[in-house]
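One structure is given below, encoded as structure tokens.
Only the coordinates and a few stated rules stand behind these numbers; no lab work does. The model shown is predicted, which means the values in this text are computed figures rather than measured ones. As a convention, Cβ positions derive from the backbone with ideal geometry for all residues, glycine included, and neighbour counts pool all protein chains shown.
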Amino acid sequence: MSAPFAELLPDTRRALFHRIAAAQAEGRAPSLVGAVVREGRTVWAGARGSVDGREPDAATQYRIGSITKTFTAVLVLRLRDEGLLALADPLDKHLPGTGAGEVTVAQLLAHTSGLAAEAPGPWWERTPGTLRPELSDVLGEEPLRHPPGRLHHYSNPGYTLLGSLVEELRGARWDEVLQHEVLEPLGMTRTSARPRAPHADGWAVHPWADVTLPEPAEDLGLMAPAGQLWSTAEDLGRWAGFLAEGDERVLGPESVAEMRTPAAVPGSDSWEDGYGLGIQLVRRDGRTLVGHTGSLPGFLAALWVSVEDGAAAVALANTTSGLAVGTLAADLVRIVADREPRVPAPWKPLPVADPELLELTGPWYWGPAPFALRLAADRGLALTPLAGGGRASRFRAEQDGTWTGLDGYYAGETLRVVRLRDGSVSHLDLGSFVFTRKPYDAEAPVPGGVDPEGWRAK
């Protein structure tokens, strides 16, 4: 049993180790490494099985497959934040001649481009990238399977196009850009495009016998941005912290939060599985997890982050199939979050009380429906229904005195305070909805007006 980190309680560490031990035995994986991250730090790691005659650890490299896509997406968001592209730009604007130029950058990131799931020709994950030297070899003669923007259809070739887009705008190879702009600033020294010792070899396990077969570890060439990387539980723990909080040296918190926002699910609260911008989203055990799973012949990987719980988990194995690493990583998050809940930050009063902001707090009414408006420490506002159903949202303060919705129905919508000539507050305008201090206030410009006889007993 690998020595765990000391911060977690003994019962929690025992439960975590039991979970990975059961997964490795039941999934018949040659080796498995799991790790848990809290508040950006790896607080536990454990392993089972053998790599080159020894038990692996959090510094042993495994291939991480499609977790690579989260790194490619960050490189694209960096280009956006620098003003070199817009997410709404068609691909042809920056990378002409691909045959898929009508799809947008955002659609490629969210797998709503309509592109095929796989490249034509031999299975790209198990054959050398030299078989696909040009983008036309990756996309084929008819790259689209669905109209762009219509539905979520996972596409590995889509991330080849994003990697080529990065190379076009940076003038350097995808892996070189990744090394310089992401891996080095975050101190991810054990993440690389090619394996570095100590690393696990990939194996297939026979379905009906306890024997193994080595899997090839090919350089994927143009498909590399979709699944090339090798990494460790320790490095992916750093990546989990980044996906939760952002890092101004790489990508700021707002842009990372944008990546975590559902972009390919219905706009309701009923979804279980979705996709953001290069980020998978799932709801498990009553919590939202963000991250990605990955697989390549001989390897399975998963990384999940619960931002609300301040917890994340990584699971890495060197087997082609038979082990549900996504479920395993989610269980590791659940074990820690349920047994040792995040300790809330201490409440602190605002350093300065702004009378104009305080004037906005308290009850407001949309028609007869009561809401509460609360002031946050960052001068943001939170709107919450007080009875029955209703639309809640948080709002960010803007320089012009308005607020922008951050989540829920009002995400991206503008909240304005409308004042009378004497400076007093008349009402709130939220995307054309009028909120008043009294239910259907006759003195406010309620759309459709208010019956002049007012409220009455029927």
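Roughly how tilted is helix 10-27, in degrees to the nearest 10 and between 0 and 90, from the longest Cα axis of the chain? Helix 10-27 sits roughly 50 degrees off the main axis of the chain. Each other residue within a Cβ distance under 10 Å of GLU218 adds +1 if Lys or Arg and -1 if Asp or Glu, for a net charge of -2. If the chain linking SER136 and GLU26 were pulled fully straight, counting 0.36 nm for each residue of separation and taking away their Cα-Cα distance, it would gain 35.4 nm. For the peptides 207-217, 325-335, residues were scored by their other Cβ atoms within 10 Å and the scores averaged per peptide; the highest-first order is 325-335, 207-217. Considering only the Cα atoms of region 291-438, their convex hull presents on average a projected area of 13.2 nm². Each Lys or Arg adds one and each Asp or Glu subtracts one; over the other residues with Cβ under 13 Å from the Cβ of THR127, this totals -4.
Evaluate E = 1/(1 + (r/R0)^6) for GLU413 and ALA387, where r is the Cβ-Cβ distance and R0 equals 35 Å; express this FRET efficiency to the nearest 0.05.
Numbers: r = 22 Å, r/R0 = 0.64.
After rounding, the FRET efficiency stands at 0.95.
Between the helical axis of 68-81 and the longest alpha-carbon principal axis of the chain there is an angle of about 40 degrees.
GLY46 sits among other residues whose Cβ lies under 12 Å from its own Cβ, and their net charge, with Lys and Arg +1 and Asp and Glu -1, is +2. When the GluC sites (Glu not before Pro) in region 189-296 are filtered for DSSP coil states and for at most 13 other beta-carbon atoms within 10 Å of their beta-carbon, the remaining sites are GLU248, GLU272. Normalising by residue count, the chain has a Cα convex hull of 193 Å³ per residue.
Listed peptides 99-105, 236-242, 367-373 appear in the order 236-242, 99-105, 367-373 once ranked by packing, highest mean of other Cβ atoms within 10 Å at the front. From helices alone, the chain scores -7000 deg cm²/dmol at 222 nm; the rule is -39500 (n - 2.57) for each run of n ≥ 4 DSSP H residues, then divide by the residue total.
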